[in-house]
Amino acid sequence: MTQAQATHNTITLKGSTKIVTEFFAYAVNSILYQRGIYPPDNFEQRKQYGLSIMVSTDTGLADYLSTVLEQMSDWLVRGELQKMVLVITSSETKETLERWTFDLHTDKSVRDGGSAPEKSDKEITSEIQAIIRQITASVTFLPLLNDACTFDLLVYTDAASNVPTEWEDSDPRFIQNAADVKLRSFTTKVHKVDALVSYRADDD
């Protein structure tokens, strides 16, 4: 008789920070590909979370994301990151067309030295898979982006957080007449990420 047992791993603050930062990197790349912000031939396929995910080969974009994610990782491990928002804007009109919001909730007791929770890698990967699949499927429910578009990353932190001098303040870039689609969430039990996409609804 064989016995199967799910292996639960202890999730440390640093380990959770690595998982969440890596998720943000793949989520941003996937959104930029699916929404056509960069040409499709600027992406290559990578295997992650048991899925094929498109990742940009643009060195300028890679350097930008690396810098932003490194700073976000620092805020994550301190429990100071509140949310990241990817904003898609029309290059011509400067109007905000989409906001992809990732709300971040941190178990402050773990940050302050409390006992580390346990959760299996399989469970976490399964939850992340569901969000990435929804991003991939977004072309089926989001309006076509007819304009050439650019994107920005807005990062929200605690008021007391140290912000690098090269970072700029920004307005929230809300969408007028917005419709929202709530996406899946995932949790490491140290950090929980809730995802939502907002887009400009038809005026009629």
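The values are calculated or read from the model by the stated rules, or taken from the named source; none is laboratory data. The shown structure was predicted, so the numbers you read here are calculated from the model rather than taken from an experiment. Cβ sites come from the backbone with ideal geometry, for glycine too, and all protein chains shown count toward neighbours. Remember, those area values only see protein heavy atoms, side chains included, never the ligands or the DNA or RNA. Shrake-Rupley method; radii C 1.70, N 1.55, O 1.52, S 1.80 Å.
Spatially close Lys pairs in the chain, defined by Cα atoms under 22 Å apart and a spacing of eight or more places or different chains, total 26.
Computed from the alpha carbon atoms alone, the convex hull of segment 1-91 holds 134 Å³ per residue.
Extension gain, Asp74 to Phe141, is 20.7 nm, computed as 0.36 nm per intervening residue step minus the present C-alpha separation. Average accessible surface for the chain: 56 Å² per residue, computed with a 1.4 Å probe over protein heavy atoms with every protein chain in place. An ellipsoid equivalent to the chain, defined through the eigenvalues of its Cα gyration tensor, has semi-axes of 29, 21, 16 Å when rounded to whole angstrom and sorted largest first.
Taking label positions 7 Å along the Cα-Cβ direction at both Asp158 and Lys182, the computed distance is 2.7 nm, reported to one decimal. Quick check: from the Cα gyration tensor, does segment 30-74 come out rounded (a/c under 1.5), prolate or oblate? Oblate, since a/c reaches 1.5 and b/c is not below a/b. Using a probe radius of 1.4 angstrom, the carbon and sulfur fraction of the accessible surface of segment 47-91 is 46%. Accessible surface of Met54, taken over heavy atoms with a 1.4 Å probe and every protein chain present, rounds to 40 Å². Label-to-label distance for Asp121 and Ser109 is 2.7 nm, based on points extended 7 Å past Cα in the beta-carbon direction. Computed log10 I(q)/I(0) for segment 71-142 at 0.19 Å⁻¹: -1.03, from the Debye equation with unit scatterers placed on every C-alpha and solvent omitted.
Phi-derived couplings, Karplus 6.51 cos²θ - 1.76 cosθ + 1.60 at θ = phi - 60°, listed residue by residue for segment 141-149: 10, 8, x, 5, 8, 7, 7, 5, 10 Hz, with x used for Gly and Pro. Per-residue ellipticity at 222 nm from helix content only, as computed over the chain with -39500 (n - 2.57) for each DSSP H run of at least four residues, stands at -10000 deg cm²/dmol. Between Lys94 and Asp63, the modelled label-to-label distance comes to 2.6 nm, taking each label 7 Å out from Cα in the direction of the beta carbon.
Here segment 119-162 was treated as a single set of alpha-carbon atoms; its pair distances binned every 5 Å from 0 give 5, 14, 11, 14, 17, 16, 15, 8, 1 percent.
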